[in-house]
1. Which one of these is assigned to a strand (DSSP E or B), at pLDDT 95 or above and touching a helix residue (DSSP H, G or I) at 6+ places or on another chain (Cβ under 8 Å): 55, 39?
2. Can you name the residue in the range 58-79 that is assigned to a helix (DSSP H, G or I) and surrounded by 18 or more Cβ atoms within 10 Å (Cβ to Cβ) and is also farthest from the chain's Cα centre (by Cα) among such residues?
3. If I ask for residues that are in contact (Cβ under 8 Å) with a residue 24 or more places away in the chain, surrounded by fewer than 18 Cβ atoms within 10 Å (Cβ to Cβ), over 12 Å from the mean Cα position of the chain (by Cα) and under 21 Å from residue 93 (Cβ atoms), which ones from the range 10-45 would you list?
4. Would you say residue 91 is surrounded by 13 or more Cβ atoms within 10 Å (Cβ to Cβ) and out of contact with any strand residue (DSSP E or B) (no Cβ under 6 Å at 6 or more places or on another chain)?
5. Report yes if some residue within the range 17-32 is part of a strand (DSSP E or B) and closer than 20 Å to residue 79 by Cβ; otherwise report no.
């Protein structure tokens, strides 16, 4: 399993609206791709800025290509992101999940 992590920052005043956008537009997009195992959006308010981490889990690099295209580590942005984000980080991070424990 591969964990893909994207980081973005918004002005704090736009953070609630951006979180809603992620829930309504971005998460369904991730989930529509075969091989996506799940999505988490993490949020941290820090003064006038809010940080978001989108953490997705994938079955393989081929599955990620179905979402991100040929350049696996390139960040994917939506047109709507221009209204929210302070900058556009060009790359994401990938990690191989080497251990996992889930409560059930």
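The values are calculated or read from the model by the stated rules, or taken from the named source; none is laboratory data. What you see is a predicted model; the values in this text were computed from it and never measured. All Cβ positions, glycine included, derive from the backbone under ideal geometry; neighbour counts span all protein chains shown.
1. Answer to the selection: 39.
2. Filtering first and then ranking leaves 63.
3. Within the range 10-45, 33, 35, 37 qualify.
4. So residue 91 does not fit the description; no.
5. no
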